[in-house]
Amino acid sequence: MALSSDPQQVSSAERLPLTTLIPRAWIGFGKAPWQCVGLTALTLIALTGLGVLARDLQESGHSGLRLAGNALLLLTIPATLGPLVSLLRLADQLLPVGSGSDADTSPGKGRPLRWLLRQTTALVLLEGVVFIGALNVIRILSGLIASHSGVLSTAVLLLGLLALAAWSLSQILALPLLVHYGHRPLAAMEHSRKIVQANRIKVLALLGLLLGVNLIGLMGACLGLLLSIPFSALLLMASCRTQTPWDRDSRRNMLPT
């Protein structure tokens, strides 16, 4: 039972298969470890290399070099998205499938990489605009109220930041869902919101698992990130293999095969 890319047709009863995430990710990583590590290395090189170069140019005393540093910093985002989306797509292909819903060919598997990159860029821009716009609205409201009441201004600031954090958490699966199902940006955002809304505790557990894996990866002069980042990508893509309660196919598909 493949899900439609139309967010109106997405079931709100989808459940994250939390118990099968680690086994699926481990099986997937064992199929092509060096490809995963290579794409991770490209992602880190694009992110850190261009970022360090941009910072050095920004610290230069020449205005032209500072302008070039700002431009290079903006180019860091699209340069990083390429290998990152390729890593997520590879992770989606490496994960084992069962006899249930995720055995069907999802629409995202037939999408060309160029299409995924365009949609991912649009998703990042859209979520960035929403996030930055919300921060500015919270700051402006808090500043306006501060002249009348410092306590009320602090309360508005805290409530606004909590609401923004909740929204950010609801979008944790937007990019993996876009890659797996071939969603458009708005459809991916809506699908992620519905899944998170139905799996609040499981999503918090998933977030803790991702943080723990990458904290371990930071050990050993950060070389462990070459292993923890692809494993995190596999965990995220495995989260897209949602289950529908009381569905016979879903119960058969609870363990990777």
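Among residues of segment 116-128 that are under 22 Å from residue 164 (Cβ atoms), those with a beta-carbon under 7 Å from a residue that is assigned to a helix (DSSP H, G or I) and open to solvent by 40 Å² or more (accessible area, probe 1.4 Å) at least six positions away or on a different chain give the pairs 124/77. Inspection of segment 113-123 identifies no residue that is in a helix (DSSP H, G or I), in contact with a helix residue (DSSP H, G or I) (Cβ under 7 Å, 6 or more places away or on another chain) and over 30 Å from residue 41 (Cα atoms). Looking at this structure, is residue 227 touching a residue at least 24 places away in the same chain (Cβ under 8 Å) and buried (at least 18 other Cβ atoms within 10 Å of the Cβ)? Spelling it out, residue 227 is indeed touching a residue at least 24 places away in the same chain (Cβ under 8 Å) and buried (at least 18 other Cβ atoms within 10 Å of the Cβ). The set of residues from segment 206-230 being among the hydroxyl-bearing types (Ser, Thr, Tyr) and at pLDDT below 90 is empty. Within segment 98-127, if we keep just the residues that are of a type outside the set (Ser, Thr, Tyr), buried (at least 18 other Cβ atoms within 10 Å of the Cβ) and touching an Asp or Glu at 6+ places or on another chain (Cβ under 9 Å), the residue that is modelled with the highest pLDDT turns out to be 108. Checked against (1) at pLDDT 70 or above; (2) over 17 Å from the mean Cα position of the chain (by Cα); (3) not in a loop (DSSP other than H, G, I, E, B), residue 130 passes all but condition (2).
Looking only at residues in segment 19-56 that are among the small types (Gly, Ala, Ser) and touching a Pro at 6+ places or on another chain (Cβ under 8 Å), the one that is nearest to residue 93 (Cα to Cα) is 28.
The values are calculated or read from the model by the stated rules, or taken from the named source; none is laboratory data. Since this is a predicted model, take the numbers as computed values, not measurements. Every residue, glycine among them, receives a Cβ derived from its backbone with ideal geometry; neighbour counts consider all protein chains shown. Protein only, heavy atoms only, side chains kept; ligands, DNA and RNA dropped before computing areas. Shrake-Rupley method; radii C 1.70, N 1.55, O 1.52, S 1.80 Å.
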